[in-house]
Amino acid sequence: MHFRCEMSAPWGMAMPPAPVAEFHVIVRGNGWLRIPDRAEPVAIQGGDVIAFLHGGAHGLVDAPDGEERPVGEILEGQSVENFGPVTHGGGGQRASILCGYFEFDRDSLHPLVAALPPFIHLRGTEISELAWLQTALNFMIHETLAAKPGAEAVVGRLAGVLFVLMVRAYLEQSESPPAMLAAIADKQVGAALALMHKDPARAWTLDTLARGAGMSRSALAARFHQLVGDTPIQYLTMWRMQQARKLLRESASSMAAIAERVGYQSEAAFSKAFKKAVGTGPGAYRRERAQ
């Protein structure tokens, strides 16, 4: 199901866990994204694209402290035929959002998808530099607005294209080396990567990662280094620092909270690891990015 939402403040929509990968294109306006395991909401604005690749629960609201209504209640009595639009809100500032999904067989989930983070957020300022992705988004928006015969089939195909382009954009913008594509696609190394991506705060060891990947310690160490170029623990540190940089840039969480979320039991240990990896302390990094 793909549909347009025409919101007017105050508005809020709660999306339950889903068996599909859901996405939202913020066509215009501003809002906030709330995710259950995140202490602070994420600002979203026109041009942004959000995807929950593993169907995680989330909420879209007009304000950080806005109230959410279950999407089922909002859709009740409204038609999503020809993409809607679904209307909701109190008549204030407006926002337009295109909602849809990517569907695939989760029982045979490809390691590439399994190893990706549960949540991808591509900002409009980033997408503007990716002409091919912007073209696909514009085409999808146009089809839903025009709602001509055959549009549902076109949008369904475009959703598949959008999924591939979003994953490609995420991988290109991440700091992971190109060889990561082969590593993620490898069943066992991909499984180890998925474990670290899903729960970077866990005290992973080579033993626990090897058990999770169904390999011996030595076999995982050798194959992981062959495909990734680092040891599993070196990669884990890199991934934690990547997540820490994102939190420092995009949230107001305390250093202690960020340290805990990326797997460090003390702020001092986190600060030392961050400075070694990035070249500057987390406080200085945050101040520089805020300027």
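Key figures
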{"quantity": "Residue among Gly31, Gly91, Gly66, Gly59 that alone is over 28 Å from Ser128 (Cβ atoms) and not hydroxyl-bearing (Ser, Thr, Tyr)", "calculated": "Gly91"}
{"quantity": "Some residue of the stretch 30-43 being part of a loop (DSSP other than H, G, I, E, B), more than 19 Å from Ser253 (Cα to Cα), in the same structural domain as Gly89 (by TED's automatic domain parsing) and touching an Asp or Glu at 6+ places or on another chain (Cβ under 9 Å)", "calculated": "no"}
{"quantity": "Qualifying residue in the stretch 210-223 (condition: under 30 Å from Gly55 (Cβ atoms), among the hydrophobic types (A, V, I, L, M, F, W, C) and surrounded by fewer than 17 Cβ atoms within 10 Å (Cβ to Cβ))", "calculated": "no"}
{"quantity": "Filter pass, Gly72 being touching a Gly at 6+ places or on another chain (Cβ under 8 Å) and either assigned by TED's automatic domain parsing to the domain that holds Met140 or surrounded by 20 or more Cβ atoms within 10 Å (Cβ to Cβ) (or both)", "calculated": "no"}
{"quantity": "Residue count, the stretch 205-248 (criterion: in contact with a Ser or Thr (Cβ under 8 Å, 6 or more places away or on another chain) and of a type in the set (S, T, N, Q))", "calculated": "1"}
{"quantity": "Test for Gly279: is it modelled with pLDDT under 95 and on the phi > 0 side of the Ramachandran plot", "calculated": "yes"}
{"quantity": "Number of positions in the stretch 135-153 that are crowded, with 16+ Cβ neighbours inside 10 Å and free of Cβ contacts under 8 Å to residues at least 60 places away in the same chain", "calculated": "2"}
{"quantity": "Pairs where the first residue, in the stretch 1-19, is acidic (Asp, Glu) and the second is surrounded by 16 or more Cβ atoms within 10 Å (Cβ to Cβ), C-beta under 7 Å, 6+ apart", "calculated": "Glu6/Pro85; Glu6/Ser96"}
{"quantity": "Complete set of residues in the stretch 21-57 that are surrounded by fewer than 16 Cβ atoms within 10 Å (Cβ to Cβ) and either of a type outside the set (S, T, N, Q) or without any contact (Cβ under 8 Å) to a residue 12 or more places away in the chain (or both)", "calculated": "Arg28, Pro36, Asp37, Arg38, Ala39, Glu40, Ala43, Gly46, Ala57"}
{"quantity": "Count of the stretch 242-255 residues which are crowded, with 18+ Cβ neighbours inside 10 Å and either farther than 21 Å from Leu33 by Cα or of a type in the set (D, E, K, R) (or both)", "calculated": "2"}
{"quantity": "Segments classed as strands (runs of 3 or more DSSP E), wholly inside the stretch 50-165, with at least 1 members that are modelled with pLDDT under 85 and farther than 20 Å from Ile35 by Cβ", "calculated": "none"}
{"quantity": "Any chance Gly92 is closer than 21 Å to Gly29 by Cα and surrounded by fewer than 20 Cβ atoms within 10 Å (Cβ to Cβ)", "calculated": "yes"}
{"quantity": "Among residues of the stretch 256-291, those that are surrounded by fewer than 20 Cβ atoms within 10 Å (Cβ to Cβ) and either β-branched (Val, Ile, Thr) or touching a Phe, Trp or Tyr at 6+ places or on another chain (Cβ under 8 Å) (or both), counted", "calculated": "5"}
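Yes/no per residue for (1) polar (S, T, N, Q); (2) under 14 Å from the mean Cα position of the chain (by Cα); (3) at positive phi:
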position	(1), (2), (3)
Ala43	no, yes, no
Gly59	no, yes, no
Glu67	no, no, no
Thr87	yes, no, no
Ile97	no, no, no
Tyr101	no, yes, no
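The values are calculated or read from the model by the stated rules, or taken from the named source; none is laboratory data. Computed from a predicted model, the values in this text were never measured in an experiment. Positions of Cβ are generated from backbone atoms using ideal geometry, with glycine treated the same way; all protein chains shown enter the neighbour counts.
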